[in-house]
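Undergrad: The structure that follows is given in the form of structure tokens.
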Amino acid sequence: MQDDLVSSTAEREVVVGNQGVAPGREWVIVTRGIRRDYDMGGEVVHALRGVDLAIRRNEYVAIMGPSGSGKSTLMNIVGCLDTPNAGEYWLNGELVSRMKDDELARVRNREIGFVFQTFNLLPRATALHNVELPLVYAGVSSAERKRRAKEALEKVQLGDRIDHRPNELSGGQRQRVAIARALINNPAILLADEPTGNLDSQTSDEIMRVFEGLASGGQTVIMVTHEPDIAAHARRVVVLRDGRISSDERREQFVSKVMSGA
Amino acid sequence: MSLLEAARLAISQIRVQKLKSFFTLLGVTIGVMFLIAVVSIVNGMGNYMQDAFAGKFLGVNTVNLRRFPDFNMGNVTEEMWKEWQRRPYITVADADAIRENLPLGAKWAIDDVDWLTPQSKYMASGPQLIAHAATAGYFDIKNLGVSEGRLFTEQEDQLGAAVVVIGSETAEHYFPSLDPIGKDLLIEGLPFRVIGVLEKQGSAFGMSLDRQAIAPFHSPMARFTGPRNLYAVLIQAPSPEAMPEIQGVVEEVMRRRHKLLPTQEDDFSLESSASALSTWQNIQKYLVLAGIFLPAIGLVVGAIVIMNIMLVAVAERTREIGIRKSLGARRRDIMSQFLVEAATLSLIGAAIGIALGYGLARAVAAVSPLPTSVAPWSVAVAIALGAGIGIVAGAYPASRASRLDPITALRSE
């Protein structure tokens with residue numbers, strides 16, 4: 001069944017087994033047998049039961065799945081906020097699954113740009129300060145930070161809002177500030193967790209167009225969502241169920257499935 | 001994240017919560033305020049004692065030869081008193097012998113004293129004053145000058161002229177709204193011509209130094225003060241370094257004259273401002289210690305309040321910590337953020353405390369005779385304490401913040 005969904009021999013290898021995929025510039029994300037268990041008051045929950053995932057540079061991937069499928073856990077691990085109990089995870093050629101706290105912080109700072117459903121901006125800081133925050137932790141000088149943050153805000157059409165605080169911005173504007181912040185350090189991957197979950201449909205479209213633009217500009221984008229029409233923007237959709245990848249499809253097939261009323 | 005960055009962040013955080021920050025600072029502020037004030041008051045007392053002893057009673061770099069000490073900080077026992085009563089008098093011959101043996105540059109004077117009540121044509125009575133029969137060198141040693149008239153000379157002393165230099169209060173009392181110069185002051189019925197009025201001296205230990213009359217030692221004044229038993233022979237060294245030498249010369253001359261054996265103790269007393277102040281300086285040490293220890297209690301309370309507030313801050317800002325961690329903040333970045341915030345908070349408290357303590361010291365100086373002065377070292381201690389308290393109090397909350405799990409922190413409301 002899975003075999004039918006894979007378009008080429010090379011990708012079949014990657015998607016199905018990952019055997020022989022060399023982590024590095026070409027394959028920005030490679031995971032092998034990722035497992036994550038949680039101890040919930042004596043009861044062990046198996047959130048991930050062995051996930052093999054490989055994502056090529058410049059891919060635009062959506063990760064879907066019902067709640068409890070393990071997609072949030074996978075996102076946390078891919079985002080280096082969490083480490084797996086077993087398995088290996090290479091990000092941009094680095095084995096991050098065995099990294100210590102401070103190294104993980106560095107990887108989050110340099111290689112990953114987060115966009116959250118709830119924006120997660122610092123409420124009392126201006127848009128400019130929010131965007132320059134990753135550069136603060138990267139040790140960039142103040143003047144350089146301001147210049148780059150301003151540039152990043154201009155790229156998302158917020159050049160005239162740099163001194164506004166989050167509560168003075170609309171939902172769409174807030175999410176664009178978050179996107180500017182996520183991209184400020186030129187990360188290897190842009191990781192979005194339900195980026196339109198708190199937005200109306202019109203604003204959602206606007207944000208999705210931003211992602212579209214970034215993806216076609218060569219940015220690797222990984223988006224976690226449970227909405228099929230949001231996932232439909234991606235060129236590849238990975239579906240999780242019970243802690244395992246249940247399907248991994250190219251966009252054309254997925255779109256046709258959605259269209260045919262699946 | 002640089003220290004400056006963290007401090008800027010801390011100040012913006014404090015500005016957001018002004019009232020809460022104010023209450024947080026209170027403990028440190030009060031502690032520091034009292035530290036600064038107490039130390040400056042104790043210092044003021046020290047300066048006052050110094051001024052009173054060195055400047056007014058005993059003289060700068062001056063050894064006072066007396067039969068027994070005049071300024072006792074310790075207890076005088078019955079035996080001590082009896083021993084003092086058996087001592088020989090200090091005589092004019094003693095004074096002359098000392099003068100003959102003094103090294104170059106040292107000054108010398110006889111000061112004989114009694115408490116008397118004079119009269120004038122204008123005022124029949126008044127409070128007792130200190131009547132001195134002194135040699136001319138006395139004014140120089142005591143650094144006394146006149147506001148009106150002049151001092152008496154060596155010749156006037158030798159001739160035994162019945163002239164007198166009086167204190168400003170005495171002048172006002174016996175010559176109300178009159179020019180006292182050239183008028184007579186009657187002392188035990190004998191007229192003394194007033195030739196000078198001393199500059200205002202103020203008071204020391206509640207005793208007015210402006211109620212006195214100084215006449216030449218060879219004048220009739222000496223009849224009343226008892227020249228066979230001198231109150232004091234004053235010997236002034238040219239510099240503080242020369243004090244031990246002068247003291248040695250005086251001691252040697254007196255021991256020889258009193259024919260003391262090497263095993264016998266001195267049967268006379270040598271007082272100087274340094275010896276009188278040594279007892280005070282011991283007391284001062286304890287007062288300064290108390291001045292540090294008591295405010296320390298306030299500072300401990302301040303530290304506990306800061307720790308408490310920082311724990312609340314960490315709880316309130318869990319999500320912020322999560323966001324910062326997701327953007328690449330390391331443990332030590334979060335740690336230093338909260339440490340610097342606590343230190344900044346407590347430093348601001350210390351700064352306000354320094355200002356208030358300074359104000360308190362000034363207020364004490366205004367309403368009391370104590371010349372309080374804020375010691376620079378106490379300000380340095382206050383600043384160090386401020387920073388130290390913040391860091392100590394912030395350490396636990398900061399380490400808790402730094403160890404928060406980013407996922408849980410991001411999910412918190």
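The values are calculated or read from the model by the stated rules, or taken from the named source; none is laboratory data. In this text the structure is predicted, and so the values were computed from the model without any measurement. As a convention, Cβ positions derive from the backbone with ideal geometry for all residues, glycine included, and neighbour counts pool all protein chains shown.
Yes/no per residue for (1) closer than 21 Å to residue B:19 by Cα; (2) free of Cβ contacts under 8 Å to residues at least 40 places away in the same chain; (3) assigned to a helix (DSSP H, G or I); (4) at the interface with another protein chain (Cβ under 10 Å from one of its Cβ atoms):
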residue: B:323; (1), (2), (3), (4): no, no, yes, yes
residue: B:329; (1), (2), (3), (4): no, no, no, yes
residue: B:348; (1), (2), (3), (4): yes, no, yes, no
residue: B:351; (1), (2), (3), (4): yes, yes, yes, no
residue: B:355; (1), (2), (3), (4): yes, yes, yes, no
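Undergrad: Sort out which residues of the stretch B:7-58 are surrounded by 24 or more Cβ atoms within 10 Å (Cβ to Cβ) and farther than 30 Å from residue B:303 by Cα, and write them in order of number.
TA: Scanning the stretch B:7-58 gives a single hit, B:58.
Undergrad: From the residues in the stretch B:67-93 that are surrounded by fewer than 17 Cβ atoms within 10 Å (Cβ to Cβ) and charged (D, E, K, R), which one is nearest to residue B:266 (Cα to Cα)?
TA: The residue in question is B:87.
Undergrad: Could you check how many residues of the stretch A:161-174 are under 12 Å from residue A:128 (Cα atoms), of a type in the set (D, E, K, R) and out of contact with any Asp or Glu (no Cβ under 9 Å at 6 or more places or on another chain)?
TA: Qualifying residue count for the region: 3.
Undergrad: So residue A:113 passes all but one of these: (1) farther than 23 Å from residue A:208 by Cβ; (2) small (Gly, Ala, Ser); (3) in contact (Cβ under 8 Å) with a residue 60 or more places away in the chain. Which condition number does it fail?
TA: Of everything listed in (1) farther than 23 Å from residue A:208 by Cβ; (2) small (Gly, Ala, Ser); (3) in contact (Cβ under 8 Å) with a residue 60 or more places away in the chain, residue A:113 misses just condition (1).
Undergrad: Go through (1) at pLDDT below 90; (2) in contact with a helix residue (DSSP H, G or I) (Cβ under 6 Å, 6 or more places away or on another chain) and name the single condition residue B:266 misses.
TA: (2)
Undergrad: Just to verify a result, which residue in the stretch A:167-200, among those that are surrounded by fewer than 18 Cβ atoms within 10 Å (Cβ to Cβ) and among the charged types (D, E, K, R), is modelled with the highest pLDDT?
TA: A:168
Undergrad: Being assigned to a helix (DSSP H, G or I) and out of contact with any strand residue (DSSP E or B) (no Cβ under 8 Å at 6 or more places or on another chain), is that true of even one residue in the stretch A:180-187? Full working, then the answer.
TA: As a first pass, look at the stretch A:180-187 and keep what is assigned to a helix (DSSP H, G or I): A:180-183.
Now narrow it down to the ones that are out of contact with any strand residue (DSSP E or B) (no Cβ under 8 Å at 6 or more places or on another chain): A:180.
For the stretch A:180-187, residues assigned to a helix (DSSP H, G or I) and out of contact with any strand residue (DSSP E or B) (no Cβ under 8 Å at 6 or more places or on another chain): present.
Undergrad: Follow-up question, since we're still on this one. Sort through B:7, B:95 and tell me the only one that's part of a helix (DSSP H, G or I) and more than 14 Å from every other protein chain (Cβ to nearest Cβ).
TA: Working: B:7 fails: more than 14 Å from every other protein chain (Cβ to nearest Cβ).
When all the criteria are applied, what remains is B:95.
Undergrad: Another question about this same structure. When you scan the stretch B:287-307, do you find a residue that is within 30 Å of residue A:166 (Cβ to Cβ) and crowded, with 24+ Cβ neighbours inside 10 Å, even just one?
TA: Scanning the stretch B:287-307 turns up at least one residue that is within 30 Å of residue A:166 (Cβ to Cβ) and crowded, with 24+ Cβ neighbours inside 10 Å.
Undergrad: Can you tell me which residue within the stretch B:213-265, out of those that are free of Cβ contacts under 8 Å to residues at least 60 places away in the same chain and part of a loop (DSSP other than H, G, I, E, B), is farthest from residue B:134 (Cα to Cα)?
TA: My answer is B:263.
Undergrad: List pairs: first residue in the stretch A:121-144 and facing chain B (nearest Cβ under 10 Å), second residue in a helix (DSSP H, G or I) and polar (S, T, N, Q) anywhere in the structure, Cβ distance under 8 angstrom, at least six positions apart or on different chains.
TA: Final answer for the pair search is A:121/A:130; A:122/A:130; A:123/A:167; A:124/B:12; A:134/A:109; A:137/A:109; A:138/A:109.
Undergrad: Report the residue count in the stretch B:97-122 for those that are over 35 Å from the mean Cα position of the chain (by Cα) and exposed (fewer than 15 other Cβ atoms within 10 Å of the Cβ).
TA: Our first condition is that a residue be over 35 Å from the mean Cα position of the chain (by Cα); within the stretch B:97-122, this holds for B:97, B:100, B:119-122.
Filter once more, keeping what is exposed (fewer than 15 other Cβ atoms within 10 Å of the Cβ): B:100, B:121-122.
So the count comes out to 3.
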